[in-house]
Amino acid sequence: MALPYLKLSGRLDRARRDSRALFAESHGGGHAPVTQGGGPAGGSPGSALAITCRRSGTSTVLALRGELDLASRHQLERELVRAEDVGFDSMVVDLSALEFMDCAGMHALLGAHRRAHAAGRRLSLRRGPREVHRLFELAGVDQVFSFEVPEAAS
């Protein structure tokens, strides 16, 4: 059964390269500089991800801002696990303010989706910018998630 994993792994590697290329094209060069410190949810030095958590009853919205990559993946995973521990019926991870996401961030979201599905909970994503959403398409996992349109675009 290693074949499906290897196939997805290859797709994710290609998606990472393509996403970096798209990011460089749209931002006039290389990867944006990484700032020190984290957002409201804490974070490791060098992390440029801010996470805001809003709860309403048994619904949770995690809004991400900045860059979701290898350096900030663990910060997101901690917040996802914290929300899972508190419990929710539905969760939306808002990607609309992300500037960049790589395969490490996608891996964290796939893990959260798997755990939510196993627990009978609903996890959906609010679409991110074109460069971010393109990663889902390139990896072939855009059909795995349920996507919502960002509120500003409604």
Count of the range 91-130 residues which are of a type in the set (Asp, Glu) and in contact (Cβ under 8 Å) with a residue 60 or more places away in the chain = 2
Only residues that are within 16 Å of Gly57 (Cβ to Cβ) and of a type outside the set (Phe, Trp, Tyr): list them for the range 85-104, please.
-> Val86, Gly87, Asp89, Ser90, Met91, Val92
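The rows are residues; the columns are (1) out of contact with any His (no Cβ under 6 Å at 6 or more places or on another chain); (2) modelled with pLDDT of 95 or more; (3) of a type in the set (Ser, Thr, Tyr); (4) surrounded by fewer than 22 Cβ atoms within 10 Å (Cβ to Cβ).
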position: Leu68; (1), (2), (3), (4): yes, yes, no, no
position: Glu84; (1), (2), (3), (4): yes, no, no, yes
position: Val92; (1), (2), (3), (4): yes, yes, no, yes
position: Leu95; (1), (2), (3), (4): yes, yes, no, no
position: Leu110; (1), (2), (3), (4): yes, yes, no, yes
position: Gly140; (1), (2), (3), (4): yes, no, no, yes
position: Gln143; (1), (2), (3), (4): yes, no, no, yes
Enumerated strands (runs of 3 or more DSSP E) restricted to the range 82-154, each holding at least 1 residues that are within 10 Å of the chain's Cα centre (by Cα) and farther than 17 Å from Thr52 by Cβ | 90-101
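The values are calculated or read from the model by the stated rules, or taken from the named source; none is laboratory data. Fair warning: this is a prediction, and the values are worked out from it, not measured in the lab. Positions of Cβ are generated from backbone atoms using ideal geometry, with glycine treated the same way; all protein chains shown enter the neighbour counts.
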